[in-house]
Ligand code: NAD
Ligand code: UDP
């Protein structure tokens with residue numbers, strides 16, 4: 001396999017750091033760009049001595065830094081964006097800009113270099129879905145002005161921009177629709193459910209189930225998700241593709257599972273359900289199975305156990 005010069009935006013984030021590890025293991029050279037708005041240097045601290053990895057601090061709401069435009073690229077992964085409801089509501093304008101302006105700047109760069117560019121879209125494009133499970137052909141059910149709109153609509157714009165650069169300029173593009181992914185290095189302060197429950201259970205605090213907890217998510221372990229990204233990038237398929245694990249669970253059942261795995265006696269309490277919280281979400285991954293021969297391999301019990309072990313160490317418990 002030939003090795004590539006790869007640009008990863010959001011490399012200090014949860015997914016970006018795991019993607020960096022996996023691409024480095026294949027022998028590629030990586031430059032990561034991150035503003036650390038929701039990510040952390042700690043996520044890539046283990047790569048400090050790695051000659052084929054460097055990390056540049058830049059906010060991509062601005063024009064691309066010269067350290068990026070002075071180099072040429074074979075592959076670009078655009079992952080930079082606040083990703084949790086807490087994160088994108090706190091950074092609404094950044095979320096809109098990094099998924100729109102930065103996407104277009106990176107498309108221009110990809111066009112200049114003849115690079116292939118991969119953009120991180122999301123199951124949020126389906127909104128609070130009326131079709132279940134969600135196939136890529138479903139157009140979604142999104143509130144354009146709601147409390148998730150800065151994220152959902154920015155990601156939908158990102159997909160539109162990607163297709164426009166492909167159709168009008170011939171840019172070589174890939175679009176992944178990521179479904180809820182979890183694992184080590186998720187930020188502990190951005191409210192995402194798996195880490196919120198694990199942290200609460202390990203500390204003996206109440207697990208905060210929002211609403212009745214009947215809403216569902218389908219959780220993919222990070223290692224599987226990253227394998228799907230790399231397979232999609234190196235495939236010939238350019239239309240949006242779901243990458244996620246169809247193993248669906250209600251949030252109340254997830255809270256009970258995590259409490260049990262942590263050996264915790266925390267109580268489960270119910271807090272208000274945020275507005276526009278999708279009631280159900282599950283990927284149809286027929287396309288990924290057919291085109292990439294990809295499917296998740298790590299069962300929820302195993303993935304959660306690994307994640308609990310990571311946060312136990314991190315919290316010193
Ligand atoms: P994350 O917050 O851990 O990582 C995102 C990274 O992007 C962070 O390091 C952050 O500092 C950086 N960033 C954000 N705005 C930036 C800017 N303006 N300039 C430079 N860097 C910036 O989140 P993640 O879970 O790793 O998500 C990565 C991507 O995957 C995001 O685009 C997200 O929308 C998408 N996604 C993730 C999930 C998931 O379950 N993890 C689901 C759907 C989509
Ligand atoms: N959730 C919860 N308690 C928490 C955090 C989240 O019950 O402490 C629920 C939330 O209401 C949503 C689901 O868990 O239904 C997933 O939330 P998350 O923020 O992880 O991601 P989302 O899929 O909503 O973007």
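The values are calculated or read from the model by the stated rules, or taken from the named source; none is laboratory data. Quick caveat, the model's predicted, so the values are computed rather than measured. Cβ coordinates were reconstructed from backbone atoms using ideal geometry, including for glycine residues, and neighbour counts include every protein chain displayed.
Can you confirm whether the stretch 177-184 contains a residue that is within 19 Å of the chain's Cα centre (by Cα), within 15 Å of ligand 2 (Cβ to nearest atom) and either at pLDDT below 95 or on the phi > 0 side of the Ramachandran plot (or both)? Yes - at least one qualifying residue is present in the stretch 177-184.
Check 34, 74 and return the single one that is more than 16 Å from ligand 2 (Cβ to nearest atom), touching a strand residue (DSSP E or B) at 6+ places or on another chain (Cβ under 7 Å) and under 30 Å from residue 148 (Cα atoms).
Only one candidate passes the filter, namely 34.
Given the structure, is residue 261 away from ligand 1 (no atom under 16 Å from the Cβ) and within 19 Å of residue 304 (Cα to Cα)? Yes, satisfied.
Only one entry of 304, 273, 287 meets the criterion of being within 16 Å of ligand 1 (Cβ to nearest atom), under 26 Å from residue 215 (Cβ atoms) and at pLDDT 95 or above, and that entry is 304. If you check 51, 90, 71, which single one turns out to be within 23 Å of residue 188 (Cα to Cα), more than 8 Å from ligand 1 (Cβ to nearest atom) and surrounded by fewer than 20 Cβ atoms within 10 Å (Cβ to Cβ)? Result of the check over 51, 90, 71: 90. Just to be sure, is residue 296 farther than 26 Å from residue 1 by Cβ and in a loop (DSSP other than H, G, I, E, B)? In short, no.
Restrict the check to the stretch 183-199 and report whether at least one residue is within 23 Å of residue 286 (Cβ to Cβ) and touching a residue at least 24 places away in the same chain (Cβ under 8 Å). There is no residue in the stretch 183-199 that is within 23 Å of residue 286 (Cβ to Cβ) and touching a residue at least 24 places away in the same chain (Cβ under 8 Å). When 222, 249 are checked against the criterion of being crowded, with 18+ Cβ neighbours inside 10 Å and at pLDDT 95 or above, 222 stands alone in meeting it. Here residue 145 passes the criteria (1) within 12 Å of ligand 1 (Cβ to nearest atom); (2) assigned to a loop (DSSP other than H, G, I, E, B) except the one numbered (1).
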